[in-house]
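Read through the structure below, which is laid out as structure tokens, and then see the notes.
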Amino acid sequence: MFMFLAFAAGVVRGYSGFGFAMVLTLGLLASLAPAQVIPVVLMLDLLCSVSLWPNALATCHPRVGMRLVIGMLLAVPLGALALARLPGYWMAPVTAAMCLVGGVLVLIRPAAGRAPKTLASHWALPAGLVSGLATAMASAGGPPLVVYLLRSGLSTASVRGTAIIFFAVSSASALTSLWLLQALNRTQVDLAVSLLLPALAGNLLGQWLFRRKPMSLQTVIGVLLVVLSGATLINALVTP
């Protein structure tokens, strides 16, 4: 089951440049504790994005990407501290709630040509702050960043490239913070290694699908987030 989740998350990431952490986190939270899940997802998210970096560097929007990264770097240490120190029993419902709201907002996207062009520069720093905090705390940095980028006025290629670079830096920063806080262990590494191959396979399939563009992945990700996060939230609230 975990391998299937990793493969599905890889497909989403390879196609869109984002969504891997959200999908895999929500799936693993059904069986594992948040403190175990988040580092595993961050490790896989970083490793699976390596093949996407060359094209992403060419299409990333430099000014927006820089502001997003600065905001993220300011927020990640606080989020990592919260994950390492706060009780874990409320992290699953918080993560699910974040993804549920994000999924709904992704589905309610503006019509083509109506995205405000000034949003890209004006709101990049706050979006990076929120996404960095959510990434380190609950591996749920995707929803705030996706909602922002879809309304930024950037081209599809720039949105994808900027998201890929941002999440690579974000995952690396969160892992570094967790390591400094001694929140990483061998069990997490072993689980990440066991899921690496299916995640990479899904990533390659997602890249192939992106070149063919068979459907709008914005809609797919939105629906997937709403369904998975809704189920996770209900399970977390009804389970003693």
Residue count for region 25-46, restricted to those that are without any contact (Cβ under 8 Å) to a residue 40 or more places away in the chain and either among the β-branched types (V, I, T) or crowded, with 24+ Cβ neighbours inside 10 Å (or both): 1
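Please go through region 51-62 and pick out each residue that is out of contact with any helix residue (DSSP H, G or I) (no Cβ under 6 Å at 6 or more places or on another chain) and of a type outside the set (S, T, Y).
Result: W53, P54, N55, L57, A58, P62.
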If you go through region 59-79 one residue at a time, do you hit one that is within 19 Å of N203 (Cα to Cα), in contact with a Gly (Cβ under 9 Å, 6 or more places away or on another chain), at pLDDT 80 or above and part of a helix (DSSP H, G or I)? yes
Given (1) of a type outside the set (S, T, N, Q); (2) part of a helix (DSSP H, G or I); (3) closer than 16 Å to L145 by Cα, number of the condition F18 does not satisfy: (2)
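Return the total of residues in region 183-193 being assigned to a helix (DSSP H, G or I), of a type in the set (A, V, I, L, M) and surrounded by 14 or more Cβ atoms within 10 Å (Cβ to Cβ).
Of the residues in region 183-193, 2 are assigned to a helix (DSSP H, G or I), of a type in the set (A, V, I, L, M) and surrounded by 14 or more Cβ atoms within 10 Å (Cβ to Cβ).
Report, by residue number, each residue of region 43-71 that is of a type in the set (S, T, N, Q) and farther than 30 Å from L191 by Cα.
T59
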So which residues in region 136-182 are aliphatic (A, V, I, L, M), at pLDDT below 80 and not in a helix (DSSP H, G or I), if there are any at all? A140
Checked pairs for region 194-217, first farther than 16 Å from M43 by Cα and assigned to a helix (DSSP H, G or I), second modelled with pLDDT under 85 and aromatic (F, W, Y), C-beta under 6 Å and 6 or more apart or across chains, list as G206/Y15; L209/Y15; F210/Y15; L217/Y15
Does A9 meet the test of being in contact with an Asp or Glu (Cβ under 7 Å, 6 or more places away or on another chain), in contact (Cβ under 8 Å) with a residue 40 or more places away in the chain, within 24 Å of S155 (Cα to Cα) and of a type in the set (G, A, S)? no
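The values are calculated or read from the model by the stated rules, or taken from the named source; none is laboratory data. Keep in mind it's a predicted model, so treat the numbers as computed, not measured. Here the Cβ is made from the backbone with ideal geometry for all residues, glycine too, and neighbour counts use every protein chain on show.
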